[in-house]
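Encoded as structure tokens, the structure appears first; notes follow it.
The values are calculated or read from the model by the stated rules, or taken from the named source; none is laboratory data. None of these values were measured; they are calculated from a predicted model. Here the Cβ positions follow ideal geometry from the backbone for every residue, glycine too, while neighbour counts run over all protein chains shown. Side chains included, ligands, DNA and RNA excluded: accessible areas come from the protein's heavy atoms. Shrake-Rupley method; radii C 1.70, N 1.55, O 1.52, S 1.80 Å.
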Amino acid sequence: DVKVTQSSRYLVKRTGEKVFLECVQDMDHENMFWYRQDPGLGLRLIYFSYDVKMKEKGDIPEGYSVSREKKERFSLILESASTNQTSMYLCASSFLAGGPGSSYNEQFFGPGTRLTVL
Amino acid sequence: RKEVEQDPGPFNVPEGATVAFNCTYSNSASQSFFWYRQDCRKEPKLLMSVYSSGNEDGRFTAQLNRASQYISLLIRDSKLSDSATYLCVPDSNAGGTSYGKLTFGQGTILTVHP
């Protein structure tokens, strides 16, 4: 079974703190993704990575950065946490699609981290 | 126009009912489509993949109409355990390599009651 794990289920931080969210997958997936999920807004892509040390901005990258030093690990960093970053953060991974015209692969999600910034 | 539009519901149905969810997507280049299920306070999990005109998996049937850019999910003989949010998910194909990005709809809430 594919397993995606996240470092914390619940996290409470103060405004201005630097926050690290860790994600690890055990299926040798090339792609890894970070989303946040908020009521009424659905899942929104923050950043993704298709290879070690490679990263691409998603739809809402402002206020976030990422790191992928090893294939199995993808970290999300909040440089200076703010209250509007209170949210559920979900990490996902998938195999790399076969290129233009090929089928995409399902994404497997971790259990999520509910972050509260006070 | 939103990239993925779903009726948010909630749909409240009795056990044994048949219920259908509809979804429209705006990206004509999308080639792969998925339905995910998300239980309350849990992560999304794949329910079905839809690669051609449609497919069936037990009580679940997914249909795809590429011309109309429309996907549907039919659930027959609803169970209490089907209560969840159902997310419509086309791929984010932009004609080149999109690195496996998917576009998640906001979801349709289903509640099945006794």
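Work out how much length residue B:111 to residue B:66 would gain on full extension: take 0.36 nm times their residue separation and subtract the Cα-Cα distance, in nm to one decimal.
13.3 nm
Taking the Cα centre of chain A as origin and charging only Cβ (+1 Lys, Arg; -1 Asp, Glu), how large is the dipole, in debye to the nearest 20?
Once rounded to the nearest 20, the dipole reads 380 debye.
Looking at chain B, what % of the alpha carbon pairs are farther apart than 16 Å?
The calculated P(r) of chain B puts 57 percent of pairs beyond 16 Å.
Keeping all protein chains in position, work out how much accessible area residue B:40 exposes to a 1.4 Å probe, and write it in Å² to the nearest 10.
For residue B:40, the solvent-accessible surface is approximately 110 Å².
Using amide H atoms built 1.01 Å from N in the peptide plane, name the residues 5+ places from residue B:9, or on other chains, whose amide H lies under 5 Å from its own.
B:109
Would you pull out the residues with amide H under 5 Å of residue A:59's amide H, same chain only if 5 or more places away, H placed 1.01 Å from N?
Correct list: A:45, A:46.
If you add up the charges near residue B:25, with Lys and Arg at +1 and Asp and Glu at -1, over every other residue whose beta carbon is less than 13 angstrom from its beta carbon, what do you get?
Local charge sum for residue B:25: 0.
May I ask you to derive the FRET efficiency for residue A:22 and residue B:77 from their Cβ-Cβ distance with R0 = 35 Å, giving the value to the nearest 0.05?
In this case the efficiency is close to 0.25.
With unit charges on the beta carbons (Lys and Arg positive, Asp and Glu negative) and the dipole taken about the Cα centre of chain A, which residue among A:77, A:11, A:110 sits farthest to the positive side?
A:11
I need to check one value: relative contact order of chain A, counting alpha carbon pairs closer than 8 Å and at least 6 residues apart, in percent.
35
Accessible surface of residue B:59 in the full protein assembly, 1.4 angstrom probe, to the nearest 10 Å²?
Per-residue accessible area (residue B:59): approximately 60 Å².
Provide a whole-number value for the mean count of partner chain Cβ atoms within 10 Å of the Cβ atoms in peptide B:102-111.
Counting Cβ atoms of other protein chains within 10 Å of each residue's Cβ and averaging gives 3.
First select every other residue whose beta carbon is under 13 angstrom from the beta carbon of residue A:78; then total the charges, Lys and Arg +1, Asp and Glu -1.
0
Residue-wise, which Karplus ³J(HN,Hα) couplings in Hz belong to region B:4-17, taking 6.51 cos²θ - 1.76 cosθ + 1.60, θ = phi - 60°, and x for glycine or proline?
9, 10, 10, 5, x, x, x, 9, 10, 10, x, 3, x, 6
Whose amide H sits under 5 Å from the amide H of residue B:54, counting only residues 5 or more places off or on another chain, with H placed in the peptide plane?
HN-HN under 5 Å from residue B:54: B:64.
Please work out the FRET efficiency for the pair residue B:3 and residue A:7, using the Cβ-Cβ distance as r and a Förster radius of 35 Å; give the result to the nearest 0.05.
Values: r = 30 Å, r/R0 = 0.87.
It comes out at approximately 0.70.
For the pair residue A:14 and residue B:46, how long in nm is the line joining their label points, each one 7 Å along Cα→Cβ?
Inter-label distance under the simple model: 4.4 nm.
Per chain B: cysteines with no other Cys C-beta under 4.7 angstrom?
Cys with no partner Cβ under 4.7 Å: B:40.
Could you quote the convex hull projected area for chain A, Cα atoms only and averaged over all directions, in nm²?
About 7.4 nm², averaged over all directions.
With θ taken as phi - 60° and the coefficients 6.51, -1.76 and 1.60, list the Karplus ³J(HN,Hα) couplings across region A:108-118 in order, rounded to whole Hz; mark glycine and proline as x.
9, 9, x, x, x, 10, 8, 9, 10, 10, 9
Please compute the net charge surrounding residue B:41, taking Lys and Arg as +1 and Asp and Glu as -1 over other residues with Cβ under 11 Å from its Cβ. Mind dumping the intermediate values first?
Working: positive: A:9, A:114, B:42; negative: B:39, B:43.
Once positives and negatives cancel, what remains is +1.
Which three extents, in whole angstrom, do the alpha-carbon atoms of the protein assembly as shown cover along their principal axes, largest first?
49, 42, 37 Å, listed from the longest principal axis down.
Just to check I understand the Karplus step: with θ = phi - 60° and J = 6.51 cos²θ - 1.76 cosθ + 1.60, what whole-Hz values come out for region A:37-44, glycine and proline as x?
The phi angles translate into 10, 10, x, x, 10, x, 8, 10 Hz.
Let a ≥ b ≥ c be the square roots of the eigenvalues of the Cα gyration tensor of region B:31-94; is it rounded (a/c under 1.5), or, if not, prolate (a/b larger than b/c) or oblate?
oblate
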